[in-house]
Amino acid sequence: MELVNMLDDCVATCNNCATKDLMEPDLSEMVRCIRLDIDCSDACSLTSHYLSRGSEFTTGMLVQCALICDACAEECEKHSDMPHCVECARVCRNCAQECRQFRKEK
């Protein structure tokens with residue numbers, strides 16, 4: 001999958017996860033997950049924009065995006081009983097890996 005598409009998919013997946021987290025009965029357990037979902041969505045969106053227009057800052061964004069995706073995945077993996085968190089962790093891990101790979105190829 002092209003990196004821009006993967007980043008955009010991660011945005012949608014993180015937004016979905018945050019929305020479903022907000023519907024969980026014990027919201028206090030989900031606060032960090034929701035915050036990281038939002039951070040990851042924002043980071044992936046910005047990275048997608050930088051990449052799409054060939055910004056000179058793309059490399060730095062790829063590094064940060066990968067770190068944020070990993071943090072989001074790690075938190076979502078703590079909620080393995082929630083399918084939306086499992087899916088979000090998977091997508092975030094893949095996105096982080098692709099960001100690192102793309103950066104190496106540049």
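Using beta carbons and a limit of 7 Å, which pairs, at least six apart or on different chains, have the first residue in the range 59-71 and touching a residue at least 40 places away in the same chain (Cβ under 8 Å) and the second one of a type in the set (Lys, Arg) and not in a helix (DSSP H, G or I)?
Pairs found: Thr59/Lys106.
Taking the range 43-57 as the search range and keeping residues that are among the polar types (S, T, N, Q) and without any contact (Cβ under 8 Å) to a residue 40 or more places away in the chain, which one is nearest to Cys85 (Cα to Cα)?
Looking at the filtered set, the residue picked out is Ser45.
Looking at the range 2-11, which of the residues that are among the hydrophobic types (A, V, I, L, M, F, W, C) and free of Cβ contacts under 8 Å to residues at least 60 places away in the same chain is surrounded by the fewest Cβ atoms within 10 Å (Cβ to Cβ)?
Val4
From the set of residues in the range 24-42 that are touching a residue at least 12 places away in the same chain (Cβ under 8 Å) and hydrophobic (A, V, I, L, M, F, W, C), which is surrounded by the fewest Cβ atoms within 10 Å (Cβ to Cβ)?
Applying the filter and picking the extreme gives Ile38.
Determine, yes or no, whether Ser48 is part of a helix (DSSP H, G or I), touching a Leu at 6+ places or on another chain (Cβ under 6 Å), under 25 Å from Thr19 (Cβ atoms) and small (Gly, Ala, Ser).
It is true that Ser48 is part of a helix (DSSP H, G or I), touching a Leu at 6+ places or on another chain (Cβ under 6 Å), under 25 Å from Thr19 (Cβ atoms) and small (Gly, Ala, Ser).
Pull up the range 76-102, narrow it to residues that are over 10 Å from the mean Cα position of the chain (by Cα) and surrounded by 22 or more Cβ atoms within 10 Å (Cβ to Cβ), then point me to the one that is nearest to Asp42 (Cα to Cα).
Among them, the one singled out is Cys99.
Answer yes if at least one residue in the range 38-45 is in contact with a Phe, Trp or Tyr (Cβ under 9 Å, 6 or more places away or on another chain) and of a type in the set (S, T, N, Q), and no otherwise.
No, every residue in the range 38-45 fails to be in contact with a Phe, Trp or Tyr (Cβ under 9 Å, 6 or more places away or on another chain) and of a type in the set (S, T, N, Q).
Tell me the residue from Glu75, Glu56, Glu24, Glu98 that is in a helix (DSSP H, G or I) and farther than 16 Å from Leu3 by Cα, please.
Being in a helix (DSSP H, G or I) and farther than 16 Å from Leu3 by Cα holds for just one of Glu75, Glu56, Glu24, Glu98, which is Glu75.
Would you mention how many residues in the range 63-106 are modelled with pLDDT of 95 or more and among the basic types (Lys, Arg)?
Result for the range 63-106: 4.
So which pairs qualify, if the first residue must be in the range 93-105 and free of Cβ contacts under 8 Å to residues at least 40 places away in the same chain and of a type in the set (Ser, Thr, Tyr), the second must be buried (at least 17 other Cβ atoms within 10 Å of the Cβ) and not in a helix (DSSP H, G or I), the Cβ gap must be under 8 Å, and the two must be at least 6 apart or on different chains?
Final answer for the pair search is none.
Counting just the residues of the range 12-23 that are surrounded by 13 or more Cβ atoms within 10 Å (Cβ to Cβ) and polar (S, T, N, Q), which one comes out farthest from the chain's Cα centre (by Cα)?
Asn16
The values are calculated or read from the model by the stated rules, or taken from the named source; none is laboratory data. This one's a predicted model, so the numbers in the text were calculated from it and none came from an experiment. Reconstructed Cβ throughout: ideal geometry from the backbone, glycine too, with neighbour counts over all protein chains shown.
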